[in-house]
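The values are calculated or read from the model by the stated rules, or taken from the named source; none is laboratory data. Keep in mind the model is a prediction, meaning the values are calculated, not measured. Positions of Cβ are backbone-derived with ideal geometry, glycine not excepted, and every protein chain shown enters the neighbour counts. With ligands, DNA and RNA removed, areas are computed over all heavy atoms of the protein, side chains included. Shrake-Rupley method; radii C 1.70, N 1.55, O 1.52, S 1.80 Å.
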Amino acid sequence: MIAFAIRRILVGIVMLLAMVLVVFILFFAAGNPARDVCGKFCTPEKLKQVTQVYGYDQPISEQFGLFMKGLVVGRDYPVDDKYREALAKSNPDLVIHCPAPCLGYSQHDALTVNQDIVKYAPVTLSLSIYSFVLWIFFGVLIGVLAAVFKGRALDRITVGITLVVYALPTFFIGTFLLQFVAIKWRLVPYPSYVSIADGGVIGWFSSLFLPALTLALFYMAAYVRITRAFVLESLTEDYIRTARAKGLRTRVVLFKHGLRAALTPLLSMAGLDFAALLAGAVITESVFNYQGLGLLAVTANKNSDLPVLIGLVIVAGAAVILANIIVDILYAYVDPRVRLR
Amino acid sequence: MPDISRPFLSVENLTVNFPTPDGIVHATESLSYTLERGKTLGIVGESGSGKSVSSSAILGLHRYSNAIVSGQIWLDGTDLLQISDNDMRLKRGKEVAMIFQDPLSALHPYYRVGDQIAEAYRAHNTVTKKAARARTIEMLARVGIPQPDRRVDDYPHQFSGGMRQRVMIAMALINDPTLLIADEPTTALDVTVQAQILDLLQDLQREFNTALIMITHDLGVIAEVADDVLVMYAGRAVEYGSARALLTKPSMPYTWGLIQSVPDVTGPVDRPLRPIPGSPPSLVQPPAGCAFFGRCAFSSLVPGDRCAHELPELLPIEAGHLKRCHLEDVSVMYAESVEADRVDTATVEAGAH
Ligand SMILES: Nc1ncnc2c1ncn2[C@@H]1O[C@H](COP(=O)(O)OP(=O)(O)OP(=O)(O)O)[C@@H](O)[C@H]1O
Ligand SMILES: [Mg+2]
């Protein structure tokens, strides 16, 4: 089991390295990032200077090496050694130390990419976890109920609703909830993010309700359908008949024996969807104007802030890889047949 | 008050239909049989003849949503088809237990076998987890699983086929049921293990005076364990009687065919098997006449096309021996076979020269 976990983590690290390399090459192939830093009124001399100061004149292999070094041990900005040492004497405030794992430095925001991400991450994380819990809990519960009442009114209505929700774009759901539930009907206060530090758990909880719901609905619809299908399938299994033949209560047969088998495939899907959700909160954040990673990405894109974009892509990729590892390990934990391999 | 005049188990006109998009599947049609405690009824028939479906009905395992069950199933004076779902649940696994075909799929892959067995015990007894576990280990030892205190924590896939079947038996017997249904408990096991399992079942039956229904394809198993035999074909009983009478003097061609298709180890080695040609009819649109018509070698001996148009009734030919067949004189059946044997032997000998 432990050997399995270690092997899985090592593979994950290799995948991560490969991903960083690809991302790095792709973005730097796009052109000289110094041009964007230099700004609108860029003279050739200034461009040359900026290029040199930030190390963009060095070969890409060199730059990648520096970037990896930053990831592992941290690094200092500006990149050019001579310039930085001179700057350290004349104006030490302008020398920035970026500790490991350093994802880069955004001239535009005058922050390291890590600082940028840490600043915007809480909203996205809160939103993702919140909607994850909503969607898993209600998605699975409703899915099981639909399976149990298969073919009856409850099942048909549920399946109908999920079809509709599934077809609606997230921005439509978000706009609808915002315009009607919050603004027109005033069922909830106008949503704006409140951190736990500011508003306590309840404040945080209620401030996130609408956006989390928006984000969750699509997945919830999908999970109702998936759970329903998995449970229906598992209910035809022989071991369900055995469970009934033992004289167990219907509830036990359903939730202990039926759902248990359906949960395993659900788990692996949920892990991956959660990682995708982290990356996909962009639309919801922009509908509700929440300061999350999605907004950071949109802004960075608008400003051609390459270091931030690279950092975000790497973080998103790392999240997916991490989720994969967790899912694999959990899977081995829940399925005894996998565990022993 | 238990009804004393009725046998311990009395299945009367049991009918199980499955409405499907293709039509109604008549999986069991007015089936009747009886069984006393301590006795064994063997149910034989080809695949799809309704053996499992009719037996599952005794445990109330068919769902209202996809099956229509009618008739009466009297167990110890109670009609199981009349009692409430909850009363039926309380009997399942306690008074009536079933060992299922294919133990690998019948056990839950994600739970330890010990927990699965203990669950059956705890469903009917208010005991601590520890007591249930002790009882489980005792039961595993009883069915001949070595190192039961360690194997109790293993998962089904860690057991061999024979051991898994023992686990199923332990699970079924943990509440000392008065009626045990064993659905092909030895199919897919090798001969030695098969013999061990049958011995085990018979020992336990003797110990608890259990009524046993043994479902099988294998007439050898029947010969070994059954007191009575019910032969099923296309959802109906076609012959029913004592094992001795039925195996030595089969009274209709289907039973005769089953016996003929069994390898005879004591006879001449070269005797070819004579499997019954063709396959059973559709259960959705059963033929108007005898279901075996078309595969039966003797229907031409019945005057006036009766086999094709008229469903034979299940009628007694002597006390306690019933058959569903228009053929009156079965001696032709035996004669035919002696003739065939002679031809077969001649062919084999001719080939040898
Ligand atoms: N839920 C169901 N819906 C429709 N048809 C069914 C259902 N369950 C069983 N049947 C049909 O009923 C018939 C009898 O099945 P059953 O399982 O009793 O056969 P069997 O005699 O036990 O055969 P085997 O020896 O292969 O186990 C089969 O044709 C089967 O397809
Ligand atoms: Mg069967």
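For the reader, a short list of remarks on this structure follows.
- Selection status of B:K51, under 23 Å from B:V225 (Cβ atoms), open to solvent by 50 Å² or more (accessible area, probe 1.4 Å) and at pLDDT 95 or above: no
- Residue in the range A:170-190 that is touching a residue at least 40 places away in the same chain (Cβ under 8 Å), open to solvent by 60 Å² or more (accessible area, probe 1.4 Å) and touching a Phe, Trp or Tyr at 6+ places or on another chain (Cβ under 9 Å) present: no
- Scope the range B:99-119; condition within 16 Å of ligand 2 (Cβ to nearest atom) and surrounded by 18 or more Cβ atoms within 10 Å (Cβ to Cβ); matching residues: B:I99, B:F100, B:Q101, B:P103, B:A106
- Hits in the range B:84-98 - residues which are open to solvent by less than 40 Å² (accessible area, probe 1.4 Å) and either more than 16 Å from ligand 1 (Cβ to nearest atom) or modelled with pLDDT under 95 (or both): B:M88, B:R89, B:K91, B:R92, B:G93, B:V96, B:A97
- Residue that is farthest from the other protein chains (Cβ to nearest Cβ), among those in the range B:69-94 that are on the phi < 0 side of the Ramachandran plot and acidic (D, E): B:D79
- Answer residue from the range B:170-193, given it is within 16 Å of ligand 1 (Cβ to nearest atom) and within 11 Å of chain A (Cβ to nearest Cβ) and is surrounded by the most Cβ atoms within 10 Å (Cβ to Cβ) among those: B:I181
- For the residues B:A118, B:A106, B:A97, B:A132, the requirement of being touching a Leu at 6+ places or on another chain (Cβ under 6 Å) and either facing another protein chain (nearest Cβ under 10 Å) or under 25 Å from A:A261 (Cα atoms) (or both) singles out B:A97.
- Helices (runs of 4 or more DSSP H) lying entirely in the range B:18-113 (those with 3 or more residues that are over 30 Å from B:L258 (Cα atoms) and more than 18 Å from the chain's Cα centre (by Cα)): B:85-91
- Residue that is most open to solvent (accessible area, probe 1.4 Å), among those in the range B:195-235 that are more than 16 Å from ligand 2 (Cβ to nearest atom) and in a strand (DSSP E or B): B:D228
- Exactly one residue among A:R186, A:R225 is touching a Ser or Thr at 6+ places or on another chain (Cβ under 7 Å), of a type in the set (K, R) and more than 14 Å from every other protein chain (Cβ to nearest Cβ), and that residue is A:R225.
- Annotation note: of B:R63, B:R37, the sole residue that is open to solvent by 10 Å² or more (accessible area, probe 1.4 Å) and either without any contact (Cβ under 8 Å) to a residue 40 or more places away in the chain or in contact with a Gly (Cβ under 9 Å, 6 or more places away or on another chain) (or both) is B:R63.
- Matching residues in the range B:120-136 - criterion: being touching a residue at least 12 places away in the same chain (Cβ under 8 Å) and either within 16 Å of ligand 2 (Cβ to nearest atom) or closer than 21 Å to B:D149 by Cβ (or both): B:A120, B:Y121, B:N125, B:A132, B:R133, B:R135, B:T136
- Of all residues assigned to the range B:236-247, none qualifies as being more than 14 Å from chain A (Cβ to nearest Cβ), buried (at least 19 other Cβ atoms within 10 Å of the Cβ), of a type in the set (F, W, Y) and within 16 Å of ligand 2 (Cβ to nearest atom).
- Restricted to the range B:174-194, and to residues there that are within 11 Å of ligand 2 (Cβ to nearest atom) and either touching an Asp or Glu at 6+ places or on another chain (Cβ under 7 Å) or part of a loop (DSSP other than H, G, I, E, B) (or both), the residue that is farthest from A:T242 (Cα to Cα) is B:T187.
- If you check A:F209, A:F255, A:F288, A:F230 for being open to solvent by 20 Å² or more (accessible area, probe 1.4 Å) and over 30 Å from B:A97 (Cα atoms), only one passes: A:F209.
- Checking A:A261 against (1) open to solvent by less than 60 Å² (accessible area, probe 1.4 Å); (2) without any contact (Cβ under 8 Å) to a residue 60 or more places away in the chain; (3) out of contact with any Ser or Thr (no Cβ under 6 Å at 6 or more places or on another chain); (4) not acidic (D, E), the condition it does not meet: (3)
- Counting only helices (runs of 4 or more DSSP H) that sit wholly inside the range A:162-252, those with at least 3 residues that are hydrophobic (A, V, I, L, M, F, W, C) and more than 30 Å from B:K91 (Cβ to Cβ) are A:170-176, A:196-207, A:209-235.
- Selection of first residues in the range B:12-32 that are farther than 13 Å from B:I68 by Cβ and without any contact (Cβ under 8 Å) to a residue 60 or more places away in the chain and of second residues that are of a type in the set (S, T, Y) and surrounded by fewer than 19 Cβ atoms within 10 Å (Cβ to Cβ), restricted to Cβ pairs under 9 Å at least 6 apart or on distinct chains, gives the following pairs, ordered by first then second residue: B:N13/B:S30; B:N13/B:S32; B:N13/B:S70.
- Residues in the range B:62-98 that are more than 17 Å from B:I181 (Cα to Cα) and within 16 Å of ligand 2 (Cβ to nearest atom): B:A67 only.
- When the residues of the range B:22-59 are filtered to those that are touching a helix residue (DSSP H, G or I) at 6+ places or on another chain (Cβ under 8 Å) and within 14 Å of chain A (Cβ to nearest Cβ), the one that is nearest to ligand 1 (Cβ to nearest atom) is B:S56.
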